[in-house]
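Here's the structure, in structure tokens; my notes come after.
The values are calculated or read from the model by the stated rules, or taken from the named source; none is laboratory data. Just so it is clear, the structure is predicted and the values come from calculations on it, not from any experiment. Note: ideal-geometry Cβ built from the backbone for every residue, glycine included; neighbour counts use all protein chains shown.
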Amino acid sequence: MRILLETPSDGAAVLHIHGRLDLTAASDVKSAILRAVDNGRPQVVVDLKDVPFIDSSGLGALIGGLRAARTAGGDLRIANPGPQARMILELTTLDRVLVTHETVEAALAAD
Amino acid sequence: MQLTSPPVVVRRAQLQARVDRLEGVHGALEHFWSNAEDRGAQPPYNARMQFDLAVIEIAANICEHAAHGGGVTLELELSLYGDRVEARFDDDAGPASLPATSEMPSQAAESGRGLAIVRRIVDELRYERVGEHHNSWFLRKQLQPE
């Protein structure tokens, strides 16, 4: 799993994740989100375009990141979820709090 | 009552797994579905995705019960029938337990969803402690209405 950080504007961070977001990757992803928030970028977008699989640990990392972003006055949004990501978000009803967008640009622009 | 027709595909794998190393389980699933396609089986994509998730969640749960955070030896058997797909696990991790319901923890919780997800996905989930050193897990997901 690799994480690429993009900083498109002040206060915003886009994390492009490549690989499975599972138990192996969860702590690294959560750390990367927390680091972005601590560095003054609480508007976080997690790009799932290259994530073929998420499990409950991966969801936990996103929830932890969401909490940190909101505490800092921002938000965490999901971009480019594939069918597997959509399935687990719906199954756990976390699609109500982890809002998804079709593109990174749409996630950044959302109110 | 299950049908007695033989499985379309069976894959057995003996794996060394650790909580941060589930590649062997992912690999076994990929080979299993690839063999199924080679034999012309076309299970619904959504059911396949859900079954994969359930198997990985059980494997992760098993590894979490490994002694001292170490590895486990895991025997995994995946079987595809005309109307269902099944997974059997035999492992040497410590004893586990099943939650009573499929209720999800609160939306703010960062953990505790694994077995609730499995319960929502599968039609049957069984767990048994076998002797002093082994666990046996069984999952069944129907591909067509029972």
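For the stretch B:12-38, how many residues are assigned to a helix (DSSP H, G or I) and among the hydrophobic types (A, V, I, L, M, F, W, C)?
6
Have a look at B:132, B:103, B:75, B:86 and point out the one that is free of Cβ contacts under 8 Å to residues at least 12 places away in the same chain and either surrounded by fewer than 22 Cβ atoms within 10 Å (Cβ to Cβ) or in a loop (DSSP other than H, G, I, E, B) (or both).
Just one listed residue meets the conditions, B:132.
Quick check: anything in the stretch A:34-44 under 30 Å from residue B:25 (Cβ atoms), surrounded by 21 or more Cβ atoms within 10 Å (Cβ to Cβ) and in contact (Cβ under 8 Å) with a residue 40 or more places away in the chain?
There is no residue in the stretch A:34-44 that is under 30 Å from residue B:25 (Cβ atoms), surrounded by 21 or more Cβ atoms within 10 Å (Cβ to Cβ) and in contact (Cβ under 8 Å) with a residue 40 or more places away in the chain.
So for the stretch B:19-33 (the condition being more than 28 Å from residue A:26 (Cβ to Cβ) and not basic (Lys, Arg)), does at least one residue qualify?
Within the stretch B:19-33 (the criterion being more than 28 Å from residue A:26 (Cβ to Cβ) and not basic (Lys, Arg)), the answer is no, since none of the residues qualifies.
For the subset of the stretch B:15-45 comprising residues that are modelled with pLDDT under 90 and among the polar types (S, T, N, Q), which member is nearest to the chain's Cα centre (by Cα)?
Result: B:16.
If residue B:41 meets every condition in (1) outside any loop (DSSP other than H, G, I, E, B); (2) among the aliphatic types (A, V, I, L, M); (3) more than 17 Å from residue B:125 (Cβ to Cβ) apart from one, which number is that one?
(1)
Would you mind telling me which numbered condition in (1) on the phi > 0 side of the Ramachandran plot; (2) surrounded by fewer than 19 Cβ atoms within 10 Å (Cβ to Cβ) residue A:52 fails?
Unmet condition: (1).
For the stretch B:76-129, which positions are among the polar types (S, T, N, Q), within 14 Å of chain A (Cβ to nearest Cβ) and over 15 Å from residue B:57 (Cβ atoms)?
Scanning the stretch B:76-129 gives B:106, B:107.
Being touching a strand residue (DSSP E or B) at 6+ places or on another chain (Cβ under 8 Å) and outside any strand (DSSP E or B) narrows it down to one of B:96, B:109, so name that one.
B:96
Assuming residue B:62 fulfils every condition listed in (1) among the β-branched types (Val, Ile, Thr); (2) outside any strand (DSSP E or B); (3) surrounded by fewer than 16 Cβ atoms within 10 Å (Cβ to Cβ) apart from one, which condition is it?
So the condition that residue B:62 fails would be (3).
What are the residues in the stretch B:23-59 that are surrounded by fewer than 16 Cβ atoms within 10 Å (Cβ to Cβ), without any contact (Cβ under 8 Å) to a residue 40 or more places away in the chain and within 14 Å of chain A (Cβ to nearest Cβ), if any?
Listed by number, the residues that qualify are B:23, B:27, B:30, B:45, B:46.
Would you call residue B:5 more than 14 Å from every other protein chain (Cβ to nearest Cβ), polar (S, T, N, Q) and over 15 Å from the mean Cα position of the chain (by Cα)?
Judged against the criteria, residue B:5 is a match.
Looking at residue B:20 and the list (1) among the charged types (D, E, K, R); (2) away from every other protein chain (no Cβ under 14 Å); (3) surrounded by 11 or more Cβ atoms within 10 Å (Cβ to Cβ), which single condition is not satisfied?
Unmet condition: (2).
So which helices (runs of 4 or more DSSP H) are wholly in chain A and hold at least 2 residues that are more than 9 Å from chain B (Cβ to nearest Cβ) and farther than 21 Å from residue B:116 by Cα?
Hits in chain A: A:23-38, A:56-71, A:104-109.
Considering only the stretch B:115-146, state which residues are over 14 Å from residue B:96 (Cα atoms) and touching a Phe, Trp or Tyr at 6+ places or on another chain (Cβ under 6 Å).
Residue satisfying the conditions is B:141 alone.
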